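Below is one structure, written out as structure tokens, with a few remarks after it.
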Amino acid sequence: MRHTLTFLETQYAQLTEHLFGEGHDRERAAYLLCGLSRTATEARLLVRQVICVPDSDLLSQSDHNLSIPASSFLPVMKKADREQTCFVLVHSHPKGVPNHSEQDDREEPGLFRTAYNRISTKDALHASLIVSEPKMMQGRVWLDGGETYPIDVIRIVGRRIRFIPRGGLYGSVDTSFHDRAVRAFGPDLQPLLKSLTVGVVGTGGTGSSVTEQLIRLGVGHLIVADGQSLERSNVSRVYGSQTDDVGISKAVLMGRLARHLGFGTRVDLIKRPVTYQSEMKKFRDCDIIFGCTDDQWGRSLLSLFSIEYSVPIFDIGIKIDSKDGVIRSIPGRVTTLIPGQPCLLCRRQVTPEGVAAEQLQELAPEEADKRRREGYIPELPDAEPAVIAFTTATAALAIGEFLNRLTGFKGEDYQAGELLIRFDESAIRKPGAIQQPGCICTDATRIGRGDQARFLGLTWREE
Ligand SMILES: [Zn+2]
Ligand SMILES: [Zn+2]
């Protein structure tokens, strides 16, 4: 079982400004209220709120010592109980000592016994975190019985996507196959890529190209979903497919592709759409997801998932507008979904009506036909035009954005929630967007909510 913690960049900035602001030569404290995502392999704390402790609330404070009174932590535990969250104590070690001190070891058992007694959150997991430098953290979770386990990875998600592994170091990896990438980005990227679990939802023209690039880049673990089987018309674009594969699950083809490439990539295959909650839930193990589906229903679920589980998603879309064999436009799009940023609904890539029409078609096709005849919902679209040059190029644009969030190669000031490439104009733009009032993405209470009685707060289709 891995234990991890995910911050948003904005939350992390709030925390470090408090801990390392003026007068930072003394230890300082804060609390985190967190949602929780529990799978068979990982317990993931998701930061929902940062609560800074003013110096005036402390009993004592020096460069190697801190004493926090019950009048400071009890109200926070009460709030955690009321809001059904987990409780994390954070304090700084301004002298740079990364580990918990002897004093921490003496005081924390009692504190976390109190936390388990006071906080009734179901399956709660509480933790303590030491921040010894603004980019150096180390933590441990406390179980109900007083056992502790180290936090294996801390994620910080935002303009950059950063990972702080336990002790600040990854194990070494064989980089002989990736020598040219090491020459580009330096030695740190390969062990990070090897450690990542990346999801790919939809493995058609764009998704199969994304999958092949992720494998060749050296990503260690992929979770790949596609509910459809290969059709004759797909072979011209789907990487890893052959003409005699028609009828085989596209997800299964991605598994074969990974085996053939021989990098030892672990691939979990999902052969049903993510509109089934049991399949969507499997993506809770991902560090990052690529949305390569062409349906609005799947995209709307990914938008919500990104917010409630604080997982960054690169959503890819492409549309060739052609009439009577004459191209009118070819826009390709890469949208990066980060909690607190405009979502696919804000950008009108997904509309509630579009999602509802697809749900009706899938779940009650006869009713959908009837309403279509009566003119209440639009005609079903014909098969869309698609060409490998444009699906592959848009996939590559998304992989570039992924590499930038990991390495920052586009510079610290670079910001693009969306890239739009117009193949018919040879132009790349960064269209701006704002969060639309009332949109699901503006509801701060959704951020980092994690597991709840109803997954994503939705009613799901029958399994
Ligand atoms: Zn300490
Ligand atoms: Zn939105």
Handout entry: Integer Hz, Karplus 6.51/-1.76/1.60 couplings in order for the range 84-91, x for Gly and Pro
Key = 6, 10, 9, 10, 10, 8, 10, 9
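When the chain is fully extended, how far beyond the present Cα-Cα distance does Phe177 get from Glu231, taking 0.36 nm per residue of separation?
Working: separation 54, 0.36 × 54 = 19.44 nm, distance 3.34 nm.
Stretched out fully, the Phe177 to Glu231 stretch lengthens by 16.1 nm.
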Problem - Integer Hz, Karplus 6.51/-1.76/1.60 couplings in order for the range 187-194, x for Gly and Pro - result: x, 7, 5, 4, x, 5, 4, 4
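Give, rounded to the nearest 20 debye, the magnitude of the charge dipole that the chain has about its Cα centre when Lys and Arg contribute +1 at Cβ and Asp and Glu contribute -1 at Cβ. Display every interim value, and only then the final one.
Details: 56 positive and 59 negative charges, 55 e Å.
In debye, rounded to 20, the chain gives about 260.
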Completion exercise
Arg216 and Arg328 label points (each 7 Å along its Cα→Cβ direction) are spaced in nm at 3.5 nm
Fill in the blank from the handout: Charge tally for neighbours of Leu8 with beta carbon under 12 Å away, counting Lys, Arg as +1 and Asp, Glu as -1, is +4
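Taking the Cβ of Glu384 as the centre, find all other residues whose Cβ is under 11 Å away and add up their charges (Lys, Arg: +1; Asp, Glu: -1).
Values: positive: Lys319; negative: Asp294, Asp321, Asp382.
Charge balance near Glu384 sits at -2.
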Fill in the blank from the handout: Restricting to Cα pairs under 8 Å and 6 or more apart, the percent relative contact order of the chain works out to 14 percent
Handout entry: the range 2-168: C-alpha gyration tensor shape, a/c 1.5 cut-off, then a/b vs b/c
Key = rounded
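Let me know the number of lysine pairs in the range 176-457 closer than 15 Å at the Cα, not counting same-chain pairs under 8 apart.
Final tally of qualifying lysine pairs is 4.
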Handout entry: Cβ-based charge dipole, the chain, positive-most Cα from Val131, Tyr12, Ser241
Key = Ser241
Handout entry: Spacing of the two label points (7 Å from each Cα toward its C-beta) at Tyr276 and Gln452, in nm
Key = 2.5 nm
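What is the gain in length, in nm to one decimal, between Arg266 and Thr39 on full extension, counting 0.36 nm per residue of separation less the C-alpha to C-alpha distance? Each step should come with its number before you reach the end.
On the way: separation 227, 0.36 × 227 = 81.72 nm, distance 1.76 nm.
Residue separation times 0.36 nm, minus the Cα-Cα distance, leaves 80.0 nm.
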Completion exercise
Extend 7 Å from the Cα of Asp25 along its Cα-to-C-beta direction; within the range 40-63, residues with backbone N under 16 Å of that point are 61-63
Problem - Sequence-distant aspartates and glutamates (8 or more away, or on other chains) whose Cα lies within less than 14 Å of Lys135 - result: Glu9, Glu17
Problem - Relative contact order computed over the range 2-168 (Cα-Cα under 8 Å; 6+ residues apart), in percent - result: 26 percent
Exercise for the section: When a/c is below 1.5 the answer is rounded, else prolate if a/b is larger than b/c, else oblate, so apply that to the range 290-441 with a ≥ b ≥ c taken from the square roots of the Cα gyration tensor eigenvalues. Expected result: oblate
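Per DSSP helix of 4 or more residues, -39500 (n - 2.57); summed, then divided by the residues of the chain. What does that give at 222 nm, rounded to the nearest 500? Mind dumping the intermediate values first?
Values: 12 runs with 140 residues, N = 463.
Result for the chain, helices only: -9500 deg cm²/dmol.
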Exercise for the section: Hey, can you grab everything whose amide H is under 5 Å from the amide H of Val350? Only 5+ residues off in sequence or another chain; H modelled, so Pro and N-termini drop out. Expected result: Leu345
Fill in the blank from the handout: Which residues qualify? For Ile223, with a placed amide H closer than 5 Å and at least 5 residues away or on another chain, they are Val198, Gly199, Val200, Asp268
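How much FRET efficiency would the formula 1/(1 + (r/R0)^6) give for Lys430 and Val97, where r is the Cβ-Cβ distance and R0 is 30 Å, rounded to 0.05?
Values: r = 43 Å, r/R0 = 1.43.
FRET efficiency, Lys430 to Val97: 0.10.
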Fill in the blank from the handout: To the nearest 10 degrees, the tilt of helix 9-19 (Cα long axis) against the first principal axis of the alpha carbons of the chain is 10 degrees
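Calculate, for Arg118 and Ser72, the FRET efficiency according to 1/(1 + (r/R0)^6) with r their C-beta to C-beta distance and R0 22 Å; round to the nearest 0.05. Before the final figure, lay out the partial values.
Numbers: r = 14 Å, r/R0 = 0.62.
Computed FRET efficiency for Arg118 and Ser72: 0.95.
Quick one: order Ile313, Ile154 by neighbouring beta-carbon count within 10 Å, fewest to most.
On the way: Ile313 26, Ile154 23.
Arranged by neighbour count, lowest to highest, Ile313, Ile154 become Ile154, Ile313.
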Problem - Among Gln84, Leu74, Pro431 the positive-end extreme of the charge dipole of the chain (Cβ point charges) - result: Pro431
Exercise for the section: For the chain, just say rounded, prolate or oblate: build the C-alpha gyration tensor, square-root its eigenvalues into a ≥ b ≥ c, call rounded for a/c under 1.5, and beyond that prolate if a/b exceeds b/c, oblate if not. Expected result: prolate
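Antiparallel versus total DSSP beta bridges in the chain: what percent is that, nearest 5? Walk me through the numbers on the way to the answer.
Values: 51 of 84 bridges.
Of the beta bridges lying entirely in the chain, close to 60 percent run antiparallel.
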Practice task
Give a residue-ordered list of calculated ³J(HN,Hα) values for the range 216-233 (Karplus: 6.51 cos²θ - 1.76 cosθ + 1.60, θ = phi - 60°; whole Hz; x for Gly, Pro).
Solution key: 5, 5, x, 4, x, 9, 10, 10, 10, 10, 7, x, 10, 9, 5, 10, 3, 6
Fill in the blank from the handout: Under 5 Å from the placed amide H of Thr39, counting only residues 5+ away or on other chains, we find Arg44
Practice task
Rounding to the nearest 20 debye, state how big the charge dipole of the range 2-168 is about its Cα centre with +1 on each Lys and Arg Cβ and -1 on each Asp and Glu Cβ.
Solution key: 680 debye
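Please rank Lys79, Lys194, Lys95, fewest neighbouring Cβ atoms within 10 Å first, as an exposure proxy. If you can, show how the numbers build up before the last one.
Values: Lys79 16, Lys194 22, Lys95 10.
Placing the least packed residue first, the sequence is Lys95, Lys79, Lys194.
Which loop-located trypsin sites (Lys or Arg not before Pro) does the range 329-358 contain, where loop means any DSSP state but H, G, I, E or B and the Cβ has at most 16 other Cβ atoms within 10 Å?
On the way: sites: Arg333, Arg347, Arg348; in loops: Arg347, Arg348.
Here the sparse-neighbourhood loop sites are Arg348.
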Exercise for the section: Excluding residues on the same chain fewer than 8 positions from Lys79, give the lysines whose Cα lies under 21 Å from its Cα. Expected result: Lys122
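Could you list Glu17, Glu418, Glu412 in order of exposure, starting from the residue whose Cβ has the fewest other Cβ atoms within 10 Å?
Values: Glu17 13, Glu418 21, Glu412 8.
Exposure proxy ranking, most exposed first: Glu412, Glu17, Glu418.
Taken together, the values in this text are just the output of simple stated rules run on the coordinates, not laboratory data. This is a predicted model, so every value here is computed, not measured. Cβ: placed from backbone, ideal geometry, glycine included. Neighbour counts: every protein chain shown.
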